[in-house]
1. Determine whether Ala53 is crowded, with 16+ Cβ neighbours inside 10 Å, touching a helix residue (DSSP H, G or I) at 6+ places or on another chain (Cβ under 9 Å) and at pLDDT 95 or above.
2. For region 54-82, what are the residues that are hydroxyl-bearing (Ser, Thr, Tyr) and in contact with a Leu (Cβ under 9 Å, 6 or more places away or on another chain)?
3. So, of the residues in region 59-87 that are without any contact (Cβ under 8 Å) to a residue 60 or more places away in the chain and assigned to a strand (DSSP E or B), which turns out to be surrounded by the fewest Cβ atoms within 10 Å (Cβ to Cβ)?
4. Need the failing condition index for Arg18 against (1) in a strand (DSSP E or B); (2) modelled with pLDDT of 90 or more; (3) surrounded by 14 or more Cβ atoms within 10 Å (Cβ to Cβ), just the number.
5. Determine whether Gln68 is more than 17 Å from Ala99 (Cα to Cα) and either among the acidic types (Asp, Glu) or at pLDDT 90 or above (or both).
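The values are calculated or read from the model by the stated rules, or taken from the named source; none is laboratory data. It should be emphasised that the depicted structure is a prediction, and the values quoted were computed from it without experimental measurement. Here the Cβ is made from the backbone with ideal geometry for all residues, glycine too, and neighbour counts use every protein chain on show.
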Amino acid sequence: MPSGASAILVAPIACVSRLGDKVNYRKEPPLAVYSITQVHMEYAPGASHEHIARVRLLGQPTDYARSQIINAIYGGDQFYTYATPLARVHVARCPHCLAGDYLTTSPDGTKRNNLLDLPRY
């Protein structure tokens, strides 16, 4: 769980975390479920494109670094975009520079719930 954050919603569903190309399925429910409401973008080192650097969570007064969110995902927490329909956030390789600490959602045919389409700050 991100330091200082409280759970928004807890759902008894399996947790999936992506480690490179491997998928780790956990049998127990997630530790906590959070909604990402906004993203802060920064240019990747030496690149001409941006990565999500920080995010804001629903009901939280502070923001969280990408590394905190990634550690929370690997620890069993789940994150979704605060949009309709929900989209699950996972860790993947950047499609442009192949950095392995890239936050993204899976394509589902709608742009409204993509992380990069959330409001920026």
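1. yes
2. Tyr64, Tyr74, Tyr80, Thr81, Tyr82
3. Ala65
4. (2)
5. No.
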